[in-house]
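A quick write-up on the structure given underneath.
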Amino acid sequence: MGALGGTITMEAVAGRGGVVPTLSAESLVASIPELALVARISTTTLSKLPGASLSAQDVLAAVDWAMAEVDGGAAGVVVAQGTDTLEETAYLADLYWNRPEPLVFTGAMRPPGQPSADGPANLVAACRVAACEPGRDAGVLVVLNDEIHRARAVRKDHSTALGAFSSPVAGPAGSLIEGRVTLHRQPVARARLERPTSDPYVPILETHIGDDGATLRAVRKAGARGVTIAAFGVGHVSASMAAEIEKTARDIPVVVGSRTRAGGTLRHTYGFEGSEMDLTKRGAILSGTLDHRKSRILLWALLASGMSTPEVRASFDDIAASGPLPCGTNHGDGG
Ligand code: ASP
């Protein structure tokens, strides 16, 4: 088990006025005796950061550490971190994780000192999933509140609830009931990306009524190497924003996702200026069912591996689309 920090590791510290990440992986595991009944667990403190301060480099270092653990004989790996950024970090890890062993991310909504803290139950559940056979070849999974989510699909939907995570497009990949792991679906084989050789500036811009493209112009000027737009509905922007996207897409990749919670972008329904069809003609890449935050992660990863704009265009769709096996495919349960 590797700890990156987050609420699951947070305690009140004199003079700080609130909880901060302090617990090591070792003391976290030592505080949950039930873990000893699930697996033999070794611990590593990878960082003591709130989720908001984690960088792509921190995540890649955690992936390297996890790979070394499984290469050294671990049956699976759990990473505990802040829930604020878990939907992004787990997906980033998923783009590079190329081992059959489960890599499971978890966290907590309540710090250990609060009544009904959820960290212990989440950690036990995550270790159960990491130790179970159906978790193999499933890519990176996220386990909280007795639900199992695929990294590609999961999203933090509530800022305080214990059931804060959901997979709005695909539904959860599985659950734990009385400690028994059931995985309903497994992903198709996913492309594994080349390691980053740079750290390109790739922002997300959320469009809004009256958006005339000024913010997009500004980020282009600021040196963006690619940009993700959280567009209206199924991938729509204003006519003036569409013109700005066209100009931008001549130089750098522009990915258009939906700012709605679920459903993603369409491809060939609307034909007005600024519609998904119009934006495709103007050179934008539509993100499909991959949400705009994960689209930004994927765009960053492709650019960071040294791909040119045409190469990004050629690869984005395939990788973004890699999803669950067709319905009816059930790899059974176990546990
Ligand atoms: N509220 C966050 C958490 O659940 C804080 C963080 O992401 O570090 O862990």
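The values are calculated or read from the model by the stated rules, or taken from the named source; none is laboratory data. On a predicted model such as this, the values are computed, not experimentally measured, just so you know. Here Cβ is always computed from backbone atoms with ideal geometry, including for glycine, and neighbour counts include all displayed protein chains. Note: areas computed on protein heavy atoms with side chains; ligands, DNA, RNA excluded. Shrake-Rupley method; radii C 1.70, N 1.55, O 1.52, S 1.80 Å.
Contact map, the range 43-62: first residue touching a residue at least 60 places away in the same chain (Cβ under 8 Å), second residue aromatic (F, W, Y), Cβ cut-off under 8 Å, separation 6 or more or different chains; pairs are A56/W300; L60/Y96.
Of the residues making up the range 96-141, those that are outside any loop (DSSP other than H, G, I, E, B), under 17 Å from V70 (Cβ atoms) and within 15 Å of the chain's Cα centre (by Cα) are Y96, L103, V104, F105, V140, L141. Counting the residues of the range 101-155 that are under 18 Å from L86 (Cα atoms), modelled with pLDDT under 95 and open to solvent by 60 Å² or more (accessible area, probe 1.4 Å) gives 0. Answer yes or no: is there a residue in the range 92-100 that is surrounded by 19 or more Cβ atoms within 10 Å (Cβ to Cβ), within 16 Å of the ligand (Cβ to nearest atom) and farther than 20 Å from A304 by Cα. Taking every residue of the range 92-100 in turn, none turns out to be surrounded by 19 or more Cβ atoms within 10 Å (Cβ to Cβ), within 16 Å of the ligand (Cβ to nearest atom) and farther than 20 Å from A304 by Cα.
When V19, V59, V13, V78 are screened for being open to solvent by 60 Å² or more (accessible area, probe 1.4 Å), within 16 Å of the ligand (Cβ to nearest atom) and β-branched (V, I, T), only V19 passes.
Do the conditions hold for A249, that is, is it crowded, with 19+ Cβ neighbours inside 10 Å and without any contact (Cβ under 8 Å) to a residue 60 or more places away in the chain?
Answer is yes for this residue.
Scoring L92 on the criteria (1) out of contact with any Asp or Glu (no Cβ under 6 Å at 6 or more places or on another chain); (2) modelled with pLDDT under 95; (3) under 16 Å from V140 (Cβ atoms) leaves a single failure, condition (2).
Being in contact with a helix residue (DSSP H, G or I) (Cβ under 8 Å, 6 or more places away or on another chain), under 19 Å from H184 (Cβ atoms) and within 16 Å of the ligand (Cβ to nearest atom), is that true of even one residue in the range 124-143? Yes, because at least one residue in the range 124-143 is in contact with a helix residue (DSSP H, G or I) (Cβ under 8 Å, 6 or more places away or on another chain), under 19 Å from H184 (Cβ atoms) and within 16 Å of the ligand (Cβ to nearest atom). Within the range 1-20, residues that are farther than 30 Å from A68 by Cα and of a type in the set (G, A, S) have Cβ atoms under 9 Å from residues that are within 13 Å of the ligand (Cβ to nearest atom) and not in a loop (DSSP other than H, G, I, E, B) in these pairs: A12/V19; A12/V20; G18/M10, counting only partners at least 6 apart in sequence or on another chain. Exactly one residue out of R155, R150 is in contact (Cβ under 8 Å) with a residue 40 or more places away in the chain, out of contact with any Asp or Glu (no Cβ under 7 Å at 6 or more places or on another chain), more than 11 Å from the ligand (Cβ to nearest atom) and among the basic types (K, R), and it is R150. Only one entry of A39, A30, A52, A3 meets the criterion of being under 19 Å from the mean Cα position of the chain (by Cα) and either exposed (fewer than 13 other Cβ atoms within 10 Å of the Cβ) or away from the ligand (no atom under 15 Å from the Cβ) (or both), and that entry is A52.
Here A25 qualifies as farther than 18 Å from R136 by Cα and either more than 22 Å from the chain's Cα centre (by Cα) or small (G, A, S) (or both). All told, P168 meets the bar of being farther than 20 Å from A52 by Cα, in contact with a Lys or Arg (Cβ under 7 Å, 6 or more places away or on another chain) and either within 16 Å of the ligand (Cβ to nearest atom) or open to solvent by 10 Å² or more (accessible area, probe 1.4 Å) (or both).
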